[in-house]
Amino acid sequence: MIHVENLTKDYGEIKAVKGINFTVNDGEILGFLGPNGAGKSTTLRIMTTFLAPTSGTVTLDGYSIHEHPTEVRRRIGYLPELNPLYGDMVVHDLLKFVAGVRGITGKAFKSALGRVMGVCGIGEVMHRTVRELSKGYKQRVGLAMAIIHDPEILILDEPSAGLDPNQIVEIRQLIKDLGKEKTVILSSHILQEVQAVADRMIILNNGEVVADGTNAELMASFQGKAQLIMEVKNASAASIKALPQKIPDISIQGQSAHGNVRRVQLEYPTGHDLREQVFKYAVESGWTILEMSRQQAQLEDVFRSLTLMEGGRDA
Amino acid sequence: MPEAFTIYLRQTILIFRKELASYFDSAVAYIALVVFLLISGWFFSSSFFLINESDLRVLFSMIPIMYLFFIPAITMGLLAREKSAGTIELLVTLPIADGAVVLGKYLAAMALLGVALLFTLLHFITLVFVSSNVDVGALLSGYLGLLLVGGVYAAIGIFCSAITDNQITAFIGSFMLVFILFVLSKVIIFVPGFMSAFVQYISIDFHLTNISRGVIDSRNLVYFGSMIFLFLTLAVRVLEMRKWR
Ligand SMILES: Nc1ncnc2c1ncn2[C@@H]1O[C@H](COP(=O)(O)OP(=O)(O)OP(=O)(O)O)[C@@H](O)[C@H]1O
Ligand SMILES: [Mg+2]
């Protein structure tokens, strides 16, 4: 269990984190979502003891970052943003160094090495210099370093940044696999990524938590609108105008006409499906329906509306 | 706590080894060593053949001058490079004490310095063969002095490297600090009387001269030891302050 309590961080004048609270349960994959400058990295850096908070605290399995930073570090595997690595070291030596600092040597190191080699697929680059590796392999090495001590908690700051689509799919699968046994916290500014791997997400904006819950919970709490696009023939302007009177929940967002064909954009609250009623009305009014398509509010919209309200700091 | 101490020691050694390997992986160590040897060789041979004075003191007095450049050059990257490359974030989020990081890196710089000094030994061996009146005791105390002065300079160097994430800034900073310590004894005549004892005490030269003469006084050793301790402690503090920016 990780408890983050009233955490704030000021960089001089800049208030990067403004009193956030949340809990991470054992074994869950938590997505940390937010636009650039939201304070994701700052929060993760405090949780990993890289930075000290201005106020507030984090406890991890009962160990506080203030009183027992070493205990906290022992339990965490961390992949920092941009994955900084010692470029002039050989992969094997790098892993050996990190393991050694964590007290894993000799036989224990051999078996740990075997495990991370399998999990991260880095067997073939074991004796190459880090600098020469492709971005994707560097990322795997970073991940291997983070899990060499088989930590209970993994903190990954934008693990898929800069990877190509295939590598992104691979790394997401890897995170999912790791998440079966571990607590994983990953940050991202891409909703799909978090949606794809996380059990739960926390949306951060401007240093504040603006949403916290599963996909479904966030959707439910969001009073979004569904859109219905219709392309109809032989519809009189009057009959279109009368539609909202007949079906009160609907509003007309826009329309355009090309000769006999009209394109109408309708909107209604998500939750009750009005398509059938619209269809009946169309038939009664003698329209010929060429196209009718619904655009459901996406979690994307939730994210956008939550994070655009005040605008990202760096936007 | 002996176990905590063992861990500290093991981590210091790991940092030491990593840092030493990285010296020799990059060109830094080779360039610094070659330049050091060329210049010391040149000083040595020119004084040896021109003045024909088989006096150790010439070389022993030249090496601290070379230190002014050599030591800032080999220490400037120790922490500054970790910061500019971002690897500091990897390093200090491992369960490792900041003290072990600083100490391991400091010892790596000292090892490189040791290698450089070992090479200068060649000059002295030449001297021993050519001349009959070489005082081995003076040779040993001379080297001890050089090692101690180097130790102080390297501690200053790593402190400056902790302050900034720019290696050039670290170099300039430590060059200036080291230079001030070095020239203090030369400007002592301009210092008002009531301060001269103090200035003399913190001047490197004053303590080095004693040791080089073969007089190993505990006062001098305390001076070197406390200077090294002071700057290493400061480096650790600065590294910890990173968190509170
Ligand atoms: N070292 C620093 N000094 C000053 N300001 C900083 C520092 N690091 C971050 N900030 C500021 O704090 C705010 C939060 O930054 P942070 O890196 O935590 O955001 P983020 O959510 O990780 O963004 P991104 O998605 O771009 O990585 C930003 O406004 C940023 O400019
Ligand atoms: Mg970030």
From A:Phe97, A:Phe50, which residue is without any contact (Cβ under 8 Å) to a residue 60 or more places away in the chain, within 11 Å of chain B (Cβ to nearest Cβ) and under 19 Å from A:Pro159 (Cα atoms)? A:Phe50
B:Phe119: part of a helix (DSSP H, G or I), of a type outside the set (A, V, I, L, M) and free of Cβ contacts under 8 Å to residues at least 60 places away in the same chain, yes or no? no
Only one residue in A:Gly77, A:Gly118 is within 18 Å of A:Leu178 (Cβ to Cβ), out of contact with any Cys (no Cβ under 7 Å at 6 or more places or on another chain) and more than 12 Å from chain B (Cβ to nearest Cβ), so which one is that? A:Gly118
Hits in region A:47-69 - residues which are over 17 Å from A:Ala146 (Cβ atoms), of a type outside the set (Gly, Ala, Ser) and away from ligand 2 (no atom under 16 Å from the Cβ): A:Pro53, A:Thr54, A:Thr57, A:Val58, A:Thr59, A:Asp61, A:Tyr63, A:Ile65, A:His66, A:Glu67, A:His68, A:Pro69
Can you find a residue in region A:9-22 that is within 16 Å of ligand 2 (Cβ to nearest atom) and among the small types (Gly, Ala, Ser)? yes
Checking A:Asn25 against (1) farther than 14 Å from A:Ile153 by Cα; (2) of a type in the set (S, T, N, Q); (3) more than 16 Å from ligand 2 (Cβ to nearest atom), which single condition isn't satisfied? (1)
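Here is a check on your reading of the model: is A:Thr183 in the same structural domain as A:Asn25 (by TED's automatic domain parsing), away from ligand 2 (no atom under 16 Å from the Cβ), out of contact with any helix residue (DSSP H, G or I) (no Cβ under 6 Å at 6 or more places or on another chain) and more than 20 Å from A:Ile46 (Cβ to Cβ)?
no
Select from region A:196-212 the residues that are in contact with a helix residue (DSSP H, G or I) (Cβ under 7 Å, 6 or more places away or on another chain) and away from ligand 1 (no atom under 16 Å from the Cβ) and write down the one among them that is farthest from the other protein chains (Cβ to nearest Cβ). Reasoning before the result, please.
The initial filter retains those residues of region A:196-212 that are in contact with a helix residue (DSSP H, G or I) (Cβ under 7 Å, 6 or more places away or on another chain), namely A:196-197, A:201, A:203-205, A:210-211.
Retained after the next criterion (residues that are away from ligand 1 (no atom under 16 Å from the Cβ)): A:196-197.
Values: A:Ala196: 26, A:Val197: 23 Å.
In this case the residue turns out to be A:Ala196.
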From the list A:Ile155, A:Ile104, exactly one residue is within 14 Å of another protein chain (Cβ to nearest Cβ) and part of a strand (DSSP E or B). Which is it? A:Ile155
Inside region A:17-40, can you point out the residues that are crowded, with 21+ Cβ neighbours inside 10 Å, within 11 Å of ligand 1 (Cβ to nearest atom) and outside any loop (DSSP other than H, G, I, E, B)? A:Val17, A:Phe32, A:Leu33, A:Lys40
Selection count where residues are within 16 Å of ligand 2 (Cβ to nearest atom) and either hydroxyl-bearing (Ser, Thr, Tyr) or part of a helix (DSSP H, G or I) (or both), scope region A:76-100: 1
Do the conditions hold for A:Leu44, that is, is it within 16 Å of ligand 2 (Cβ to nearest atom), within 22 Å of the chain's Cα centre (by Cα) and either surrounded by fewer than 24 Cβ atoms within 10 Å (Cβ to Cβ) or touching a residue at least 24 places away in the same chain (Cβ under 8 Å) (or both)? yes
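Counting only residues that are surrounded by fewer than 17 Cβ atoms within 10 Å (Cβ to Cβ) and under 14 Å from the mean Cα position of the chain (by Cα), which one in region A:175-195 is nearest to ligand 1 (Cβ to nearest atom)?
Step one: list which residues in region A:175-195 are surrounded by fewer than 17 Cβ atoms within 10 Å (Cβ to Cβ), which gives A:176-177, A:180-181, A:190, A:192.
From the residues that got through so far, the ones that are under 14 Å from the mean Cα position of the chain (by Cα) too are A:176, A:190, A:192.
Details: A:Lys176: 22, A:Ile190: 10, A:Gln192: 15 Å.
The extreme case among them is A:Ile190.
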A:Glu193 being charged (D, E, K, R), within 14 Å of ligand 2 (Cβ to nearest atom) and more than 14 Å from chain B (Cβ to nearest Cβ): yes
Touching a residue at least 40 places away in the same chain (Cβ under 8 Å), more than 10 Å from every other protein chain (Cβ to nearest Cβ) and surrounded by fewer than 17 Cβ atoms within 10 Å (Cβ to Cβ), is that true of A:Ser55? yes
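The values are calculated or read from the model by the stated rules, or taken from the named source; none is laboratory data. Just so you know, these numbers come straight off a predicted model, no measurement behind them. For neighbour counting, all protein chains shown are included, and Cβ atoms are generated from backbone atoms with ideal geometry for every residue, glycine included.
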